[in-house]
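Remarks on the structure that follows.
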There are 4 protein chains.
Amino acid sequence: MVSFESDYIAGAHPEIIRKLTETNLESLSGYGSDHYTESARQKIRAACGLENAEVEFLVGGTQTNAVVISTMLADYEGVIAASTGHISSHEAGAVEYTGHEVLEIPGREGKISAEALEKYLSDFYADDNHEHMVFPGMVYISFPTEYGTLYSQKELSALSEICRRYQIPLFIDGARLGYGLMSRQSDLTLPELAKLCDVFYIGGTKVGALCGEAVVFSGAGRPKHFLTSVKKRGALLAKGRLLGIQFDTLFTDDLYFRISRHAIDMADRMKKLFQAAGLPFYLESPTNQQFVILENRQMEKLKSQVAFSFWEKADESRTVVRFATGWSTTEEDLDALEKALLSL
Amino acid sequence: MVSFESDYIAGAHPEIIRKLTETNLESLSGYGSDHYTESARQKIRAACGLENAEVEFLVGGTQTNAVVISTMLADYEGVIAASTGHISSHEAGAVEYTGHEVLEIPGREGKISAEALEKYLSDFYADDNHEHMVFPGMVYISFPTEYGTLYSQKELSALSEICRRYQIPLFIDGARLGYGLMSRQSDLTLPELAKLCDVFYIGGTKVGALCGEAVVFSGAGRPKHFLTSVKKRGALLAKGRLLGIQFDTLFTDDLYFRISRHAIDMADRMKKLFQAAGLPFYLESPTNQQFVILENRQMEKLKSQVAFSFWEKADESRTVVRFATGWSTTEEDLDALEKALLSL
Amino acid sequence: MVSFESDYIAGAHPEIIRKLTETNLESLSGYGSDHYTESARQKIRAACGLENAEVEFLVGGTQTNAVVISTMLADYEGVIAASTGHISSHEAGAVEYTGHEVLEIPGREGKISAEALEKYLSDFYADDNHEHMVFPGMVYISFPTEYGTLYSQKELSALSEICRRYQIPLFIDGARLGYGLMSRQSDLTLPELAKLCDVFYIGGTKVGALCGEAVVFSGAGRPKHFLTSVKKRGALLAKGRLLGIQFDTLFTDDLYFRISRHAIDMADRMKKLFQAAGLPFYLESPTNQQFVILENRQMEKLKSQVAFSFWEKADESRTVVRFATGWSTTEEDLDALEKALLSL
Amino acid sequence: MVSFESDYIAGAHPEIIRKLTETNLESLSGYGSDHYTESARQKIRAACGLENAEVEFLVGGTQTNAVVISTMLADYEGVIAASTGHISSHEAGAVEYTGHEVLEIPGREGKISAEALEKYLSDFYADDNHEHMVFPGMVYISFPTEYGTLYSQKELSALSEICRRYQIPLFIDGARLGYGLMSRQSDLTLPELAKLCDVFYIGGTKVGALCGEAVVFSGAGRPKHFLTSVKKRGALLAKGRLLGIQFDTLFTDDLYFRISRHAIDMADRMKKLFQAAGLPFYLESPTNQQFVILENRQMEKLKSQVAFSFWEKADESRTVVRFATGWSTTEEDLDALEKALLSL
């Protein structure tokens, strides 16, 4: 059955598999000290337009969020996030496990507004009792958000300005970064995004890799003895080559961006299919995740022909569901979806 | 200057000081194994109508919340609380420090409703992805709440019923328990409250003691090797006598309840003074904390004559402030307040 | 340059690469719910002779140790290990990061003796003050140990018997399990080892996989909601297929054992080369890691021809170094080593 | 029965009780912001000869150790201590609970030698793999030690010099500081000790107070937002007056030193009683704790007349026991001990 269940249903981009095969029997040193990993670092720095940025590779998204947040926060600090942020609700409390609170602020379609952030910070410092409260020590946003929406350059600049004024780092969860940057509605380039934040990661797991996220410290710099802190959290991969080779491949000949753009093209066609079928959207998403509202009866029927994700109940008779495209989505997959929609 | 700044501005009730003095040179064993502590346990069990309840003494409120919550939750669980709950916002992230999330749900005047709780729990289990989320493993409420409000017997019974249905403990933060139970609007007795929850504490710090909170495990029972877990959290007092003697005194001849009732009487008179002065209340509180809204100009003037607490800005020109009575508040204190209010 | 630096210098066994390539574009569900992972579980159960064992896959060794230990210990417990145990000294404090102490006892050539364990446990419970101490809640051993040595069936049975008597689980770190079981000196089979402990893992990273460790709960059972606890620790892999397919391949047609035996054969030849060269061994290791003592002058010379690991200084003029074989070691590698040794 | 069980068997020095009584009804602000606490800080600074030292008050020893260590260590660091150090074995893993390892090194009669420390540190940095290990980030010693022994000025200077060379703070656990400084064998004054370390605490619980330890940051300075970190650990006392008033009293007219000296005088007489009785000492202690070896038969007999502590088994027929004097020990207590010893 054709699947739009998520953007991690396939293995790796064939070019990555080819490269892993080709290099398989080379003797390489461990823990990210091999030359493929170094090459990947260099290519990512170039793509970000940041000659001196430090780049580190981790295995998965929740792990990356917990490692970055817990190594950059001071003891008395927490991280601000939208209440719909991935760290707020879908990571089983991984940030709290490191001893830090996620300070939730209400978002809109997955996004934090500059106004809400400014208010949170100014209210905090205006409170006489703030020494009894968790200090806001970082801002976490996702690009694209968990709802597929994007920050515009103007919106991101506003958040960035506030963070710099309050001297707290801005961290961007880029688990689906490629799908955000390659959206036709994005007015941000990778170097622009990199400069507006202090640390972010380039998601591999959802964009062509078997696993792996590339953390870029574009601002203040990597926490001291970062490798040791990564090891302490059980997040240090012995065969760092597995991450290095994958990212080296993804950042050769713009592969990362090309496959991201393909997923966006597929999502654009998918949107048209939903419109043609008269299905209402839960919100307007310019990226690879599309949220539509189905009558429960429609949902049951569709389920038998294509795979998708339950998102939430809209009301008693209707359900919000998610369809995701990815680098591996094909025109044939969409043909099958089109056919299934016609039968509703 | 007369002070209504909090309910912990004075030392201990004179009867406690007398008892500490009287027993001072006795040789007693440490860590809560002395006979005064045992006597305090017995008297508290009797007052709760729970012959077999386990009773343990800790030093302060934030410590008690963190110890109880972190020893009773399973690894994969968090604790539900109102977003205005003390653990949610005013304990510097002490629960998160233990590795567990506080799952905030919106409250009303400090209280969680049975509807909101039921919805949270049923939504959680309805979500296909709940294995990626923090399991709700306990419900935390305060009696009285941080806003001085009270749960009625009916409201508490409804919360209790839901907790039992979902098999998660209900924990009551009783930092000001006496002021809640002795309120004229409370329809709950100590034994009734004890039976409706699984664990709660009887606050000493704010109700007559120098320090100390008595934790009562009325339901499921004290976590195994609790003393070791308390020690591990740096919360075990060497001279347990300090806590035992104080609670033994507070639960002799109903002292705890008598001094609580006195604070309520003082609060009732205080309310009348505010009404007479035409000051609006922020909300209707039946306990020892009263929240009134002052014009900023009034606030400045009053500040020079009586001490009180800033609570939050109501708007640009008005501020919510808190006045607390306590066991040590006197009629003379209120006379001074009355005089100060007349001058506004 | 030929390398004996570690047993994780190569990628994956070619059969694994072939299988990853072959399955690459299949749509599979995430987080270990795919059919390859289920097949791997079944094959591992069969290999262990444990029909009902629960099998879970994690990414790396330090992560696996921290996850297993922290989810199985009670709050007031720590884990006993040899002071040379991997968790004691080479995991950057990963166990302590979870809030639990590693209770070190002296070992001999990497091994804990039944006598030392029995003494530790009986002394602990004999101490009047043990409630102020960390309770021993698990025993951790490595098979083979960090020094390449092995527990005999008799030794393991004795440790197992003590653990069962004290009702604490015995956990075996099997990062190099294949190299232990396939040693000609081992008198233990996988089913025997599985039955003598409560939980252990079958190392993949060092035995043919790109990454991955298979945890087998042979005794008391997997901690409740284990997936959530894994997620909370940032250790849940989105594309669980990466682990499932690798272990499914390793446990097809005894691949895991065949490649382990190959490494042992290579180590046996390597030992003979060292003996022929008159180099003293630091200790007698029957597995894939060999520790020899080199004159510093010899070490410098050898370094330019073959790669190996510094282990520790023997004295001012001599150094202990480690040579590891692995599934990817070839006769040609050993020929090169032989040649290099002749030139010393 | 007369008791030498510990140095915390009595309440507080009568002068403290008098002062608590006298100030009891004063309205004071909380959390250490009252004027008695400020006065105590000033007096302690003066006694230490450190005009600018920051002084903070905490409730108990284990808590103080965990708070100081965890707020001063970096993420990747642990604390070096003797394997007999209080934090190593008798605090239920309180340091590990904060996520940091206690790096144990062998001691002698409770003391770390400069040689052992130097070796540990130089070995660590000589190891190629030290990035996979816990960095030594602090040295913890006790003065006097858990065995009652003392560091001489020369020994402490040597440790201090090494710490400064490696740029890691030296932390002195002074739970019994007075009994160390007032020992006739101590060649250190409080200002000298303060200058040789970076942070230490002046124990109150065991030296005349009901509870309380005064932390002095003599070197690098108090961690930023220390109050918030203290609150986060559940260690912030609402009625800070309880600590402030006690230390203000202890540091008025040298009370702390006078009562410490008294305990030493009592210990000196006690030693003579043991010598007269022909009882062997386990080691030579110049402070208030005396360790003697009793035949088990003697122990049983003595137990019925005086209280003391079990320390450890010497062999099958003999036991090491501890007798402690304290500020509250009287000549009458020693008369009773003398009588009991005569009957052995």
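Side notes on the structure shown:
- Relative contact order of segment D:1-111, pairs being alpha-carbon contacts under 8 Å that are 6 or more residues apart, as %: 17 percent
- At R0 = 35 Å, FRET efficiency that the Cβ-Cβ distance of D:E300 and D:R184 yields, to 0.05: 0.55
- Under the simplified labelling scheme, the A:K119-A:M1 pair shows an inter-label distance of 4.3 nm, with each label point 7 Å from Cα along Cα→Cβ.
- Cα gyration tensor shape for the protein assembly as shown, rounded if a/c is under 1.5, else prolate or oblate: oblate
- Residue exposure proxy: B:C48, B:C211, ordered by other Cβ atoms within 10 angstrom of their Cβ from fewest to most, comes out as B:C48, B:C211.
- The alpha carbon gyration tensor of segment C:164-220 gives principal lengths a ≥ b ≥ c with a/c of 1.5 or higher and a/b no greater than b/c, which makes the shape oblate.
- Globularity ratio of segment C:12-161, using Cα Rg and 2.2 N^0.38 Å: 1.28
- Here is how far apart the B:K224 label points are across copies: 1.3, 4.2, 4.3 nm, shortest first, using a point 7 Å from Cα toward Cβ.
- Cα-based equivalent ellipsoid, segment D:197-344: semi-axes from gyration tensor eigenvalues, Å: 37, 18, 14
- Closest approach of a chain D Cβ to the axis relating D and A (residue, whole Å): D:G99, 4.
- Across segment A:14-254, Cα pairs under 8 Å and at least six residues apart give a relative contact order of 31 percent.
- Sorting B:F247, A:F291 by the number of Cβ atoms found within 10 Å of their own Cβ, with the fewest placed first, yields A:F291, B:F247.
- Over chain A: helical MRE at 222 nm, DSSP H runs n ≥ 4 each giving -39500 (n - 2.57), nearest 500: -12000 deg cm²/dmol
- Other-copy label distances relative to A:K301, 7 angstrom Cα-Cβ extension, nm: 7.3, 8.4, 9.8
- Distances, shortest first, from the label point of A:D335 to those at the same position in the other copies read 5.4, 9.6, 10.8 nm; the point lies 7 Å along Cα to C-beta.
- Overall form of chain C per C-alpha gyration tensor (a/c, 1.5; a/b vs b/c): oblate
- Computed log10 I(q)/I(0) for segment B:285-344 at 0.12, 0.25 Å⁻¹: -0.29, -1.14, from the Debye equation with unit scatterers placed on every C-alpha and solvent omitted.
- For segment D:126-267: relative contact order, % (alpha-carbon pairs under 8 angstrom, 6 or more apart): 21 percent
- Too-long pairs where the Cα-Cα distance tops 25 Å, listed order kept, from D:K195/D:K232; D:K43/D:K111; B:K272/B:K301; A:K111/A:K195; B:K232/C:K232: D:K195/D:K232; D:K43/D:K111
FYI, it's all coordinate maths here, none of it is from the lab. Keep in mind that what you see is a predicted model, and the values were worked out from it rather than measured. FYI the Cβ positions are ideal-geometry reconstructions off the backbone, even for glycines, and counts take in every protein chain you see.
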